[in-house]
Amino acid sequence: MKDTPKNKSEQIKENVLSKTASDFLKKIFDYQMDITKLPYCLMLLADDMKLGQIHVAYHNTESKFQDITPYKRYDTLLLNEPDYVYFYSIEKPDDVSVQFWKMDPSVIWEETDIQNMIDLSRFLLIYLGHYKYLHKAKYALTHDDFTGLVNLNGFTQTLADLINHERASKYSIVCLSAFRFRMIHQEYGHDFGSRISYQMANNLKVLVESFSTEHTIARLINDSFAILIQNTYVDQFIDTLSEFEINLTYGQKEIRQKVLFNIGIYHIKESDTSPALPIEYAMAAYALSRQSNKPDIVFYNNEVQQLFLREREIETKMHDALNNKEFLVYYQPKIDLNSLCICGAEALVRWSTEKRILAPIEFIPIFERNGFICSIDFFVLEKVCKDLRNWLDQGYDVVPISVNFSRVHLADSSFAEKIVKIVKKHRIPTRYIEIEFTESAEMEDSEVLIHAIDILKSYGISCSMDDFGTGYSSLSLLTDTPVDVLKIDKSLLDADTVTSREKVILSNIVRMVRALNIDVIMEGVETVEQADFLKQINCTHAQGFLFDKPLPLHEFEQRLKKIQYEDPSM
């Protein structure tokens, strides 16, 4: 019995998800044909799961048809392929009958009026649209939408292919980013910063293509990139980077900026059997290059490997350590130099392991890189609020406690509200809480920071800028950032003597900051001479080993009971 159009339609629907159908649809997209623009389109499969002949009925003339597709009427789309695709254009589709063909074009097994097949056509078009969506989604998984370069997923896949074909050892991974380039983002705004990132991507691509035909460039995030390049070209690539420039127009101004880089390089070994570790090794070298506070190149070697393995060890233990209460909060007093009384304290975290207590420098930088610092900062705030609540209930003479919050939090626009919620939960008067942010010359999230400070201050929570004086500080930060307290970094004080140069710098900083109605505290005070000099320049608050090191809870509570220090000069 001959199949009716309805039965054949159902059969085609059952087969449409077959491998043959998927292969056909892939071919359609490989040739970039947008069939969905046509008012009528029939895509039909024969009963043997092979692709049958396709006829497209179109209202207008052949010239219009050619405007939509690059093919003429009756042209074969997939020449020299086992499956044939034909176009057919007419002005009156209602009068046309559709013929379904098996692979042998001499055999006709179905004929019907085109209008009877409209429902089937729509069904297949829906599937075609779904395939197109999946095709775009797959592309999005492996490519950066902004620059068109591959992303980390695409980079990983390419490296995996090289490893599988035993060719990876001929390549190196170069991870890089522009040194302090975000300062330009801040100066000219986000839109201009995006243009910079886009031109950096294009310029890097042109640069690498000028001497290497086998390479892959990936955009990781913002102005950070990873490049898979043959070993023989690594030195040439690094040398050429020294001449790297960005040229853009900003309003009426021509911006020509030479770009310096922080670079990490890993030469892939034959023993590398998966893409994950080589990428991590290159990233570890890159992270180390960024710690130098200057443009730098770091090759992955034994020293970097030891640091990398140490970082991995810490990352595997940090979550359990937090759950097992291995992190401790110490308190370092702040002193009023005139009265020699405690005027506050800073909460500092320590990690108590089985072997020893780790100082913050051993794990905080790692936590900032992997984001775990956010959990630690809120843990410290919770502990401080619990201790404050306990001291208040017991009648202690309580002083304000400052808690450090990393700039990593600025990625969360609601973190200020979370701080307020914790303080309220423990019923702590907000005058006893101060939030410290680390000064940064890049200030890439300055608007978010200012908004967070405004929220905290609206609830009566003081905010301070920590480590002022490190890197490429700028006093202009103080005019933009409404902090209450400025903490001057100990690097501006010599350990033994205060030089005339330091006196000039410090006295002017204190004078200008006080003119802005901002309080000043000096960190790292270790000698009587330093303390005396600070009093002379009207910097009356200090913190340092001259008075106290960071104290565990029970020792700090004893200090609160004896709130005044003996004169260290006596």
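The values are calculated or read from the model by the stated rules, or taken from the named source; none is laboratory data. Given the structure is predicted, the values throughout are model-derived calculations rather than measurements. No Cβ is skipped: glycine too gets one built from the backbone with ideal geometry, and neighbour counts run over all protein chains shown.
Would you be able to say whether some residue in the stretch 506-518 is closer than 30 Å to TRP351 by Cα and buried (at least 20 other Cβ atoms within 10 Å of the Cβ)? Even if it seems obvious, please write down each step before you answer.
Step one: filter the stretch 506-518 for residues closer than 30 Å to TRP351 by Cα, giving none.
Checked against the condition, which is being closer than 30 Å to TRP351 by Cα and buried (at least 20 other Cβ atoms within 10 Å of the Cβ), the stretch 506-518 yields no hits at all.
Can you name the condition, by its number, that LYS424 falls short on among (1) in contact (Cβ under 8 Å) with a residue 12 or more places away in the chain; (2) in a helix (DSSP H, G or I); (3) over 30 Å from the mean Cα position of the chain (by Cα)?
All conditions pass for LYS424, except number (1).
Under 27 Å from THR353 (Cβ atoms), in contact with a Phe, Trp or Tyr (Cβ under 9 Å, 6 or more places away or on another chain) and of a type in the set (Val, Ile, Thr): is that true of ILE314 in this structure? Step through it out loud before you land on a result.
Details: under 27 Å from THR353 (Cβ atoms): yes; in contact with a Phe, Trp or Tyr (Cβ under 9 Å, 6 or more places away or on another chain): yes; of a type in the set (Val, Ile, Thr): yes.
It is true that ILE314 is under 27 Å from THR353 (Cβ atoms), in contact with a Phe, Trp or Tyr (Cβ under 9 Å, 6 or more places away or on another chain) and of a type in the set (Val, Ile, Thr).
In contact with a helix residue (DSSP H, G or I) (Cβ under 9 Å, 6 or more places away or on another chain) and part of a loop (DSSP other than H, G, I, E, B): which single residue out of VAL408, VAL398 fits that description?
Only one candidate passes the filter, namely VAL398.
Count, please, the residues in the stretch 170-180 that happen to be of a type outside the set (Phe, Trp, Tyr), closer than 26 Å to ARG290 by Cα and surrounded by fewer than 21 Cβ atoms within 10 Å (Cβ to Cβ).
Step one: of the stretch 170-180, the residues of a type outside the set (Phe, Trp, Tyr) are 170, 172-178, 180.
Pick out the ones that are also closer than 26 Å to ARG290 by Cα and you get 172-178, 180.
Add one more test, that the residue is surrounded by fewer than 21 Cβ atoms within 10 Å (Cβ to Cβ), and what stays is 180.
Going through the stretch 170-180 one residue at a time, the tally reaches 1.
Provide a single number: the residues in the stretch 471-492 that are modelled with pLDDT under 85 and farther than 18 Å from GLU526 by Cβ.
Our first condition is that a residue be modelled with pLDDT under 85; within the stretch 471-492, this holds for 471-481, 489-492.
Retained after the next criterion (residues that are farther than 18 Å from GLU526 by Cβ): 471-481.
So the count comes out to 11.
Look at ILE455 and say whether it is in the same structural domain as ASP387 (by TED's automatic domain parsing), at pLDDT 90 or above and closer than 28 Å to ASP191 by Cα.
yes
I'd like to know if the stretch 274-286 contains one or more residues that are over 30 Å from ILE196 (Cα atoms), more than 21 Å from the chain's Cα centre (by Cα) and in the same structural domain as ALA160 (by TED's automatic domain parsing). First the steps, then the outcome.
Residues of the stretch 274-286 over 30 Å from ILE196 (Cα atoms): 274, 277.
Remaining after also requiring more than 21 Å from the chain's Cα centre (by Cα): 274.
Of the ones still in play, those that are also in the same structural domain as ALA160 (by TED's automatic domain parsing) are 274.
Within the stretch 274-286 (the criterion being over 30 Å from ILE196 (Cα atoms), more than 21 Å from the chain's Cα centre (by Cα) and in the same structural domain as ALA160 (by TED's automatic domain parsing)), the answer is yes, since at least one residue qualifies.
Which condition breaks for LYS325 when tested against (1) within 23 Å of the chain's Cα centre (by Cα); (2) at positive phi?
In the conditions (1) within 23 Å of the chain's Cα centre (by Cα); (2) at positive phi, LYS325 misses (1) alone.
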